[in-house]
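All remarks here apply to the structure that follows.
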Amino acid sequence: MIKSIKLFIMLLGSMAFAQTAQVSGSIEPIKEDGLYRIRIPNSVRAYATQDLRDLRVWDAKGNQVPYFVQPASDNKLTKVSDFTEFQMVSNTRIADSNATYIFKNPYETIEKAVLLIANYQGSKNYSLEGSNDQKEWFGLVNNGQLTQLNHPTETSVYKEIYFPVIDYPYLKLVFDDRHSLPINLLGIGMANTETINIVPITMEEVPVKSVEFIEQGKKTQVHIRFDRPEVIDQIRMTITSPDLYRRNALLYTLKQREVKRSMESYRQHLAAFSIRSDKDLIFNIPTSIEQDLYLEIDNKDNPKLEIGKLQFLQEPVYLVASLKANDSYKVTAGDDQLEFPDYDIIEVTNTTKTALPIAEIGAVVYGQPEKAVEKTKSFWQQPWFMWSCIGIAALMIVYYAFNMLRDLNTSESE
């Protein structure tokens, strides 16, 4: 009985002290009322959930400001030629639930596909799985999102989706229709693509915690570690020697899986590319969210590459919101208990034809953000009152528990 009481008191204490770590960034003042793109810097994004559902914009009175997320891909237009459609095995749709498309992979290995979609306003979440026999399916993309699903002049739009290099003969694409209307998928295939930036896109460098070089035989292994799981879209490097080179490189991460009731490590390949002295050393990779990355360079019989600089960059993410001049605003993130907010702004705002002005986030504060406005609180809303109630409740529980224990001992002695 006494042990149970102690555990209960410890639980009360842990509940009282538990707080969700957050990050808060102040939006720099703007000069005119209107729609703005708020750039989310890495210092805020690194603490947000991977799907960014916990981002919130607050005004000076502590009210939420409606917004929608606009990734850099919204400012890109994909031109496609020689579109070759994959064989569709099946497609099913469950109203207000999901739409599932199973298609055959005609290649030995594949790391992207091109979707042809009828114009659609809004975004659409999807997942992607692979299979060898259409019975057992394995995850490839857990929570992908398609955006910018309308073409300014055509009735349909091509969208590329990227995933880790795989050799599954069958792929299953599932669209989430629980909170949005279904899209009209016209085809899935492969094509020659060219991406054009509608507005300039400036990549942001991701800070690296450590870089370790290990020479193993004829290969160079580079272990890159970040402080937190980071979104990586591009790698840039500088080679100081030799003058002429062409090396194959593989980017991967280490994962764990259960095999015969024991855990083993395996490589999950993210990208493969060629490092050449006659090409720019800038490599776009499928978007990856990892804390540890490994880069393997095959030197063959050549001298190792001397890497003078190794950078990892991510495409910017913007929030589109309506702001008022000279008002104060904050952006917060870091509460993984929050769900996606449901705002009207994405349904009534078209940002595809104009380049919106950008609002920057200045000062960033880590920990519990301060309240936008301190309001006068009643005594029962004060912290001391809450702690007093917790203390009184704990004492009452202890008092009654000891009385029950004493009465029990007395009855047993009689």
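The values are calculated or read from the model by the stated rules, or taken from the named source; none is laboratory data. Just so you know, these numbers come straight off a predicted model, no measurement behind them. All Cβ positions, even for glycine, are placed from backbone atoms using ideal geometry, and neighbour counts span all protein chains on display. Note: areas computed on protein heavy atoms with side chains; ligands, DNA, RNA excluded. Shrake-Rupley method; radii C 1.70, N 1.55, O 1.52, S 1.80 Å.
Per-residue answers, yes or no, for (1) exposed (fewer than 14 other Cβ atoms within 10 Å of the Cβ); (2) over 26 Å from Glu212 (Cα atoms):
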site: Gln234; (1), (2): no, no
site: Pro242; (1), (2): yes, no
site: Leu254; (1), (2): yes, no
site: Val259; (1), (2): yes, yes
site: Met263; (1), (2): yes, no
site: Ala272; (1), (2): no, no
site: Ile297; (1), (2): no, no
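Restricting region 153-166 to residues that are touching a strand residue (DSSP E or B) at 6+ places or on another chain (Cβ under 8 Å) and open to solvent by 40 Å² or more (accessible area, probe 1.4 Å), the residue that is farthest from Phe103 (Cα to Cα) is Thr155. Please indicate, with yes or no, whether at least one residue in region 178-193 is within 30 Å of Asp96 (Cβ to Cβ), among the charged types (D, E, K, R) and touching a residue at least 40 places away in the same chain (Cβ under 8 Å). Yes; the residues of region 178-193 include at least one that is within 30 Å of Asp96 (Cβ to Cβ), among the charged types (D, E, K, R) and touching a residue at least 40 places away in the same chain (Cβ under 8 Å). For Ala394, state whether it is open to solvent by less than 100 Å² (accessible area, probe 1.4 Å), farther than 23 Å from Gln148 by Cβ and at pLDDT below 80. So Ala394 passes the test.
Flag: Ala325 does not match the condition of being open to solvent by less than 70 Å² (accessible area, probe 1.4 Å), farther than 30 Å from Tyr120 by Cα, aliphatic (A, V, I, L, M) and at pLDDT below 90. Given the options Lys172, Lys135, name the one that is part of a loop (DSSP other than H, G, I, E, B), of a type outside the set (Val, Ile, Thr) and at pLDDT 90 or above. One residue alone meets the criteria, Lys135. May I ask you to list the residues in region 232-269 that are under 27 Å from Pro316 (Cβ atoms), within 21 Å of the chain's Cα centre (by Cα) and polar (S, T, N, Q)? Within region 232-269, Gln234, Thr253, Gln268 qualify. Scanning region 138-150 for residues that are farther than 13 Å from Phe175 by Cβ, out of contact with any Phe, Trp or Tyr (no Cβ under 7 Å at 6 or more places or on another chain) and in contact (Cβ under 8 Å) with a residue 40 or more places away in the chain yields Thr147, Gln148.
Scanning region 151-197 for residues that are over 26 Å from the mean Cα position of the chain (by Cα) and of a type in the set (A, V, I, L, M) gives Leu186, Ala191.
For region 49-77, a tally of residues being open to solvent by less than 20 Å² (accessible area, probe 1.4 Å), at pLDDT 90 or above and over 15 Å from Ser26 (Cβ atoms) returns 2.
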